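Undergrad: Before we start, here is the structure in question, set down as structure tokens.
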Amino acid sequence: MTIAFKISEKTKEKMIKFFEDKRREKTPAYALFQADSEDTVVTLYESGKVVFQGISADIDADMWKQVEKKVNPSAIFDEPKEKKKDKETLDTKKFYRVSAIGSDEVGTGDYFGPIVVTAAYVAKENISFLEELGVKDSKKLTDDKILEIVPEIIKKIPYDTIILTNKEYNDTYSESMNMNKIKAVMHNKVLVNMTSKGYYTDYVIVDEFAKSFIYYNYLKGIPNVYRHITFMTKAEDKNLAVACASLISRFIFVKEMDKLSTSVGMHLPKGASDKVDLVGKEVITKFGEGKLKEIAKYNFKNTGKIKGLI
Ligand code: MN
């Protein structure tokens, strides 16, 4: 992977300092230096152009983009819109007919119900089977359709799922353990597990919820981190392993919500709307606050609104 962009004089100075000890002996023509940053080769040219090369080039490039953004808030690294559109189409082709492990999560925007993260493995040979089931437009599938096809999917598609109950979520959540960090830890767990099984993969794809360097930052200190992830937005539209992961997560989420609804004897709505607040109020009235704390994400704004209703 090669990523190149231009930086300002200020960032140039910072870079020169930063890479002082990591410089290679030889400097290419017109370059100020060439240096090694773990797996990435970094070359800074006199013109201000900087080039990152290697398997984790995007991580190093992202870091320096942030530095440049700080000294030069108007800096633009994104390709022009037309090119971006082309890239989306290209991605859709590039990541579709491949063997891949993909992961996706559900429940992070829902006041009630657990967070569910799944990684699924789809081998090229299973693509047509999934197309026949109608997995391709996973976003558009209704819950009923999901309840119908997921049992078929999991007969053939290997997967791993983690469920974080809201009791666990409420015990875990803090300033330093925010929602995205919780997600990163969960994605990493299912990916470490699925990638250790020896399946052949062209890609390991995560539906992007944080920039890659932030994702890996969240995982600092964790002994076992899977590092060869391709992050992309709208990944469930581009790759069937992510689509399956998304559907399986939704299936399990729906089932868990049914169980929770039965346990309190009322229908618990998805999402975080006013409807949710009214049901939350009912839960407190009937069972007390302790129950709500078991089945809801307590740090959501809904909690304050619910208390205001009582
Ligand atoms: Mn997602």
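Undergrad: Would you pick out the residues in the stretch 270-293 that are surrounded by 15 or more Cβ atoms within 10 Å (Cβ to Cβ) and in contact with a Leu (Cβ under 9 Å, 6 or more places away or on another chain)?
TA: V276, D277, V279, G280, K281, V283, I284, listed by residue number.
Undergrad: Go through the stretch 218-247 residue by residue and tally those that are out of contact with any strand residue (DSSP E or B) (no Cβ under 8 Å at 6 or more places or on another chain) and either in a helix (DSSP H, G or I) or within 16 Å of the ligand (Cβ to nearest atom) (or both). I'd like the intermediate steps shown before the answer.
TA: Restricting attention to the stretch 218-247, the residues satisfying the condition of being out of contact with any strand residue (DSSP E or B) (no Cβ under 8 Å at 6 or more places or on another chain) are 218-225, 227, 237, 247.
Restricting the remaining residues to those that are either in a helix (DSSP H, G or I) or within 16 Å of the ligand (Cβ to nearest atom) (or both) gives 218, 237, 247.
Total satisfying the criteria: 3.
Undergrad: Next question. With the condition being touching a residue at least 12 places away in the same chain (Cβ under 8 Å) and of a type in the set (A, V, I, L, M, F, W, C), I'd like the helices (runs of 4 or more DSSP H) fully within the stretch 85-197 carrying at least 3 qualifying residues. Give the derivation first.
TA: On the way: elements: 127-133, 143-156, 166-172, 179-195.
Per the criteria, 127-133, 143-156, 179-195.
Undergrad: Can you report the number of residues in the stretch 51-78 which are touching a residue at least 40 places away in the same chain (Cβ under 8 Å) and assigned to a loop (DSSP other than H, G, I, E, B)?
TA: Looking only at that region, the number is 6.
Undergrad: So, of the residues in the stretch 89-130 that are charged (D, E, K, R), within 16 Å of the ligand (Cβ to nearest atom) and more than 16 Å from I154 (Cβ to Cβ), which turns out to be surrounded by the fewest Cβ atoms within 10 Å (Cβ to Cβ)? Before you say what the answer is, go through the steps one by one.
TA: Step one: list which residues in the stretch 89-130 are charged (D, E, K, R), which gives 91, 93-94, 97, 104-105, 110, 124-125.
Now drop any that are not within 16 Å of the ligand (Cβ to nearest atom), which leaves 91, 104-105, 110.
Checking which are more than 16 Å from I154 (Cβ to Cβ) leaves us with 91, 105, 110.
On the way: D91: 18, E105: 23, D110: 21.
Filtering the stretch 89-130 for residues that are charged (D, E, K, R), within 16 Å of the ligand (Cβ to nearest atom) and more than 16 Å from I154 (Cβ to Cβ), the one surrounded by the fewest Cβ atoms within 10 Å (Cβ to Cβ) comes out as D91.
Undergrad: Also, quick follow-up: Is it the case that N299 is under 21 Å from T108 (Cα atoms), assigned to a loop (DSSP other than H, G, I, E, B) and in contact with a helix residue (DSSP H, G or I) (Cβ under 8 Å, 6 or more places away or on another chain)?
TA: Numbers: under 21 Å from T108 (Cα atoms): yes; assigned to a loop (DSSP other than H, G, I, E, B): yes; in contact with a helix residue (DSSP H, G or I) (Cβ under 8 Å, 6 or more places away or on another chain): yes.
Yes.
Undergrad: Right, here's the next one. Take the residues in the stretch 196-217 that are of a type in the set (A, V, I, L, M, F, W, C) and within 19 Å of G109 (Cα to Cα), then tell me which one is nearest to the ligand (Cβ to nearest atom).
TA: Here is the first cut: in the stretch 196-217, the residues of a type in the set (A, V, I, L, M, F, W, C) are 204-206, 209-210, 213-214.
Now drop any that are not within 19 Å of G109 (Cα to Cα), which leaves 206, 209-210.
Numbers: V206: 9, F209: 6, A210: 11 Å.
For the stretch 196-217, the residue satisfying everything is F209.
Undergrad: Can you tell which of I205, I222, I310 is among the β-branched types (V, I, T) and crowded, with 20+ Cβ neighbours inside 10 Å? So that I can check it myself, show each step before the final result.
TA: Values: I222 fails: crowded, with 20+ Cβ neighbours inside 10 Å; I310 fails: crowded, with 20+ Cβ neighbours inside 10 Å.
Step by step, each of I205, I222, I310 is checked, and only I205 is among the β-branched types (V, I, T) and crowded, with 20+ Cβ neighbours inside 10 Å.
Undergrad: Right, another one. Might you let me know whether the stretch 76-83 holds any residue that is away from the ligand (no atom under 16 Å from the Cβ) and either β-branched (V, I, T) or surrounded by 17 or more Cβ atoms within 10 Å (Cβ to Cβ) (or both)? Steps first, please.
TA: So the first thing to find is which residues in the stretch 76-83 are away from the ligand (no atom under 16 Å from the Cβ), and the list is 76-83.
Filter once more, so that each one left must be either β-branched (V, I, T) or surrounded by 17 or more Cβ atoms within 10 Å (Cβ to Cβ) (or both): 76.
Yes, that holds for at least one residue.
Undergrad: Kindly establish whether L260 is buried (at least 23 other Cβ atoms within 10 Å of the Cβ) and either under 28 Å from the mean Cα position of the chain (by Cα) or within 16 Å of the ligand (Cβ to nearest atom) (or both).
TA: Details: buried (at least 23 other Cβ atoms within 10 Å of the Cβ): no; either under 28 Å from the mean Cα position of the chain (by Cα) or within 16 Å of the ligand (Cβ to nearest atom) (or both): yes.
The answer is no for L260.
Undergrad: Something else about it: Within the stretch 9-50, count every residue that is among the aliphatic types (A, V, I, L, M) and part of a loop (DSSP other than H, G, I, E, B).
TA: Taking the stretch 9-50 as the starting set, the residues that turn out to be among the aliphatic types (A, V, I, L, M) are 15-16, 29, 31-32, 35, 41-42, 44, 50.
Now drop any that are not part of a loop (DSSP other than H, G, I, E, B), which leaves 29.
Here the count works out to 1.
Values in this text are rule-based calculations from the coordinates and carry no lab data. The shown structure was predicted, so the numbers you read here are calculated from the model rather than taken from an experiment. Neighbour counts are summed over all protein chains in view; Cβ atoms, including those assigned to glycine, are modelled from backbone coordinates with ideal geometry.
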